[in-house]
1. Could you count how many Lys pairs in the range 31-186 have their Cα atoms under 29 Å apart, skipping same-chain pairs fewer than 8 positions apart?
2. Label E38 and R121 with points 7 Å out from Cα along Cα→Cβ: what is the distance between them in nm?
3. Taking the chain as a Gaussian network, where each spring joins two C-alpha atoms under 10 Å apart, which residue of V63, V129, V180 fluctuates the most?
4. How would you rank Y171, Y149, going from fewest to most other Cβ atoms within 10 Å of each one's own Cβ?
5. Using Cα-Cα distances under 8 Å and only pairs 6 or more residues apart, what relative contact order does the range 101-173 have, in percent?
6. Using label points projected 7 Å from each Cα along Cα→Cβ, tell me how many nm separate K211 and D134, to one decimal.
7. Tell me, what is the percent relative contact order of the chain, built from C-alpha pairs under 8 Å that lie six or more residues apart?
8. Looking at P155, S132, C69, which one has the Cα that reaches farthest to the positive end of the dipole of the chain (charges on Cβ: Lys, Arg +1; Asp, Glu -1)?
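What follows is calculated from the coordinates using simple rules that are stated; it is not laboratory data. Please read all numbers here as calculations on a predicted model, not as lab measurements. Cβ placement follows ideal geometry from the backbone for every residue including glycine, while neighbour counts extend to all protein chains displayed.
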Amino acid sequence: MKSILMIGMGRFGSHLCKNLADLDNEIMIVDSQEERLEDLLPYVTSAKIGDCTSEKVLESLGVSNFDLCVVSVGNNFQNSLEITSLLKEMGAKRVISKADRDIQAKFLLRNGADEVIFPDRDIARKLAVRLSADEIFDYISLQDGYSIYEIASMPEWIGKSIKEINFRVTYNLSIIGIKVNDHIQLNPNAEHVFKENEHLMVIGHENDMKKVIQKHNKKRVFE
């Protein structure tokens, strides 16, 4: 559990707040518009109306007492930049700021942000991967082109074991879990036999995953 200060309660901030509350974090929310705070009151320990570009407002919050500060101010990037900088000057332990473009991220990092997030871009990228292949059900981007994919067992794998296919060597991918409905079996052994009703949790480089999907789609076309 962490103590978190959230500044800017637009759509992204509101969703993040509720999810953080579900994980039992203690949250204080701040926004210049009272109506944005009302629906979130059941989820937070405290709420305050105020313009956080004001040093006096930020000083009144005791920002150094929080484990984490999140800046998710809407479309006014200048305000986001000022708030991020002020938080660090006032001793904030960790500041995560929202950006829409790479150039914004560069300025935020130079002015005190410990991390910059791109919620719209990241969601769009994740959705694009899912929509581009019927075989991909979920997708978590890691670093350097590596990701975790939730995929269906390909028809040519059904009835064969991981060992029989020599999965890791053949595809340069690793199976880290088998999902059936809501149950996940982690680190399946090499004797596991692929079935139609299961999903595979696979980790690897996106180029190797593309090869698997393209190979499957090519076979489907010529069947």
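1. Taking the Cα cut-off of 29 Å, the pair count is 17.
2. 3.5
3. Largest GNM mean-square fluctuation: V180.
4. Y171, Y149
5. Once divided by the residue count of the range 101-173, the mean separation gives 15 percent.
6. The answer from the label model is 2.5 nm.
7. 13
8. The residue sitting most towards the positive pole is P155.
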